[in-house]
Amino acid sequence: MNKPRILVVEDDNSVKNLITTTLKAHDYHFLTAENGEVAILEAASHNPEIMLLDLGLPDIDGIEVIKRVRTWSQMPIIVISARSEDVDKIEALDAGADDYLTKPFSVEELLARLRVTRRRLQMMKSDALNEELVAAKKELFNLRFQNATNQLDNTSRIKEVRRNIARIQSVITEKAE
């Protein structure tokens, strides 16, 4: 399973170095942002699969970053924050965060949460591929029915849909291996 690209949003250099060193040691691809505005730009321009987000950023609050990102992306967001009160956790989760890790944290727990998130991403991608496959098979059935009832000559479209089905099935097979 390919490791996802991660956007690390952290203004504290020591915490950022701990996270990025851990990611590097485990062969993750990552990019960093030191404030909320840069994080939003990086997320929009580089399309990372996961965001690790500190809430206490120097320009805008991490909750605002979550709200803005959620207007256009469903990428998993794991909050890593020193805010340990339930009200803070609930606010972040209700704003759209997928998980919440309180500082100080162990790198083992961070890695475990990334593994869980990766599994969820794989399931979401598999579900999307399966939905695409079902839709293509339905279209093929309808095209064949139209051909059989002489409503239309869809031979070229049928060939195109068959190629699409074969492509989707090969992607599903690759993901399973």
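Throughout, read-outs are computed from the coordinates displayed, never taken from laboratory work. This one's a predicted model, so the numbers in the text were calculated from it and none came from an experiment. Cβ placement follows ideal geometry from the backbone for every residue including glycine, while neighbour counts extend to all protein chains displayed.
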Inset, instruction - For ILE77, work out the one condition from (1) under 23 Å from ARG115 (Cβ atoms); (2) in contact with a Lys or Arg (Cβ under 7 Å, 6 or more places away or on another chain); (3) among the hydrophobic types (A, V, I, L, M, F, W, C) it doesn't fulfil. - result: (2)
Legend entry - Odd one out for MET51 among (1) touching a strand residue (DSSP E or B) at 6+ places or on another chain (Cβ under 7 Å); (2) assigned to a helix (DSSP H, G or I): (2)
Inset, instruction - Go through region 43-92 and count every residue that is within 21 Å of THR21 (Cα to Cα), under 14 Å from the mean Cα position of the chain (by Cα) and surrounded by fewer than 19 Cβ atoms within 10 Å (Cβ to Cβ). - result: 2
Inset, instruction - Determine, yes or no, whether LEU111 is within 21 Å of the chain's Cα centre (by Cα), surrounded by fewer than 19 Cβ atoms within 10 Å (Cβ to Cβ), part of a strand (DSSP E or B) and in contact (Cβ under 8 Å) with a residue 12 or more places away in the chain. - result: no
Legend entry - Residues being surrounded by 15 or more Cβ atoms within 10 Å (Cβ to Cβ) and under 21 Å from the mean Cα position of the chain (by Cα) - total across region 6-36: 18
Legend entry - Pairs with Cβ under 7 Å, 6+ apart, first in region 1-29 and over 21 Å from LEU41 (Cα atoms), second buried (at least 18 other Cβ atoms within 10 Å of the Cβ) and of a type in the set (A, V, I, L, M): THR22/LEU110; LEU23/ILE6
Inset, instruction - Sort out which residues of region 7-35 are under 17 Å from LEU55 (Cβ atoms) and either among the β-branched types (Val, Ile, Thr) or touching a Gly at 6+ places or on another chain (Cβ under 7 Å) (or both), and write them in order of number. - result: VAL8, VAL9, VAL15, ILE19, THR32
